[in-house]
Amino acid sequence: MLRIHFTGDDLAGVRMAARPDVLWETILSFHRLRDRRGSTVYREWRTTTRKRLNSETRLLAALVPGRGYFPDFLTPTEGVHGLDEGLQALRATPAARIRGELGLLATTRAGRTDGSLPGALAGLAEGRPESLGRLVDALRGYHRAAIAPYWPRVQARVDADRAVRGRAVLDGGADELLATLPPMLRWHAPVLEADYPADRDIHLDGRGLLLQPSYFCRGTAVVLRDPLLPPVLVYPVTHSESPAVSQPGGPSLAKLVGQTRSEVLRAVGDGSTTSELARRAGVSLASASQHAGVLREAGLVSTLRHGNAVLHTLTPLGAALLGDAVRGAVCYARNGPVTS
């Protein structure tokens, strides 16, 4: 079991990540790729992704075991800003830190009782720049095959989870936020307990905690091994659908035409329940539910059940479409209709 100990200052320092972290998603998805007994949610994704991969997995398999510890330097905090920023930070990791974390990997790796590392990691452990460059290339290639095509879906589910957590903060502050995390996390103030493969205590000591929802995290939360690094808790978002390549302009998108459905899309805003959609758009509850379903099929809205309520949030495509509509309206108002 994992136990995270909070002080009053730590509660004040609890914060939600602004967006999915591209390197956490990349590394955790590599676990899902090899998890043959894992959730059927990822089955189609696994099949499709394996067809896209070439040799990227060889180095990653040596560095990221199927279970247990993997080096903290693979997930620098800059990953939340994007792939380029994350990989740049990874490339700048001090050689002494890489050597130390690889040494820890050698002692914890299942099946290697002598504490040795796979040959593919020898150059990394010795601090060779070309070896670090190969790792960056492997991560970039793997991301291109396994993550990039599905990023809109990943982002939509993480945004939906953030909307739920944001409502919890508004309702009861950090205490309510921690109490409404997924069921593998249990808040017994001042300790947050989590199902975990090892028995471990983390004392935040006033540093606060970053909560990072993740699409490819499954079953249990994940934390960094090094207690001196900024504390982060990666936890699974709730989803039951397989990652899918975004297909804007599908058949359901044509159903969007019409003033009422446009109003419902606008009413979603930063997150709305079905009742709030009905009230904001001035339609019946049944009508709001129907319109939300069509918007969801079109990939414009993501829906997440939270307790007895259903929360709808805009997907990146929905937000972009709504933004284009607003910009178009402003253009029209300033310049009048455009004719060719």
**Q.** Leu311 long-range amide H proximity, modeled H, under 5 Å
**A.** Leu304, Arg305, His306
Q: List every residue whose amide H lies under 5 Å from the amide H of Thr75, counting only residues 5 or more places away in sequence or on a different chain, with H placed 1.01 Å from N in the peptide plane.
A: none
Q: Quick one: which residues, 5+ away or cross-chain, put their amide H under 5 Å from the amide H of Asp205? H built at 1.01 Å from N.
A: Thr7
Q: With all distinct Cα pairs included, what does the Kirkwood hydrodynamic radius of the chain come out to in Å, to one decimal, could you say?
A: 21.9
**Q.** Approximate spin-label separation Asp205-Arg140, in nm, with each point projected 7 Å along Cα-to-Cβ
**A.** 3.8
**Q.** Candidate residues Arg225, Arg144: accessible-area rank, largest first, probe 1.4 Å
**A.** Arg144, Arg225
Q. Just the accessible area for Val41, please: 1.4 Å probe, Å², rounded to the nearest 10?
A. 20
Q: Report the antiparallel proportion of the DSSP beta bridges in the chain as a percent, rounded to a multiple of 5.
A: 60
**Q.** In sequence order, calculated HN-Hα J values of segment 58-74 (Karplus, 6.51, -1.76, 1.60; Hz; x Gly/Pro)
**A.** 4, 5, 5, 5, 6, 8, 10, x, x, 8, x, 5, 10, x, 5, 5, 6
Q) In the neighborhood of Phe216, defined by Cβ-to-Cβ distances under 9 Å, what is the net charge if each Lys or Arg adds +1 and each Asp or Glu adds -1? A) +1
Q | Angle between the chain longest axis and helix 43-52 axis [Cα atoms, degrees, rounded to 10] | A | 70
**Q.** Local electrostatic count at His81 - Lys and Arg +1, Asp and Glu -1, tallied over other residues with Cβ under 14 Å
**A.** -4
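Given a 1.4 Å probe and heavy atoms of the protein chains only, how would you sort Asp171, Asp226, largest accessible area at the top?
The ranking, largest first, comes out as Asp171, Asp226.
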Q | Accessible area of segment 1-102 divided out per residue, in Å², using a probe of 1.4 angstrom | A | 47
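Need the full-extension length gain, Asp84 to Glu126, defined as separation in residues times 0.36 nm minus the C-alpha distance. One decimal, nm.
Contour length minus Cα-Cα distance gives 12.7 nm.
Given charges of +1 on the Cβ of Lys and Arg and -1 on the Cβ of Asp and Glu, with all other atoms neutral, how large is the dipole of the chain about its Cα centre, in debye to the nearest 20?
On the way: 42 positive and 33 negative charges, 240 e Å.
The dipole magnitude comes to about 1160 debye.
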Q: Calculate how steeply helix 151-179 sits against the longest principal axis of the alpha-carbon atoms of the chain, using the helix alpha-carbon long axis, and give the answer as 0 to 90 degrees to the nearest 10.
A: 90
Q. How big is the accessible area of Thr40 in square angstrom, nearest 10, if you roll a 1.4 angstrom probe over the protein chains?
A. 90
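The values are calculated or read from the model by the stated rules, or taken from the named source; none is laboratory data. Please read all numbers here as calculations on a predicted model, not as lab measurements. Glycine gets a Cβ as well: all are built from the backbone with ideal geometry, and neighbour counts include every protein chain shown. Quick note on the areas: whole protein, heavy atoms, side chains included, nothing else; ligands and nucleic acids left out. Shrake-Rupley method; radii C 1.70, N 1.55, O 1.52, S 1.80 Å.
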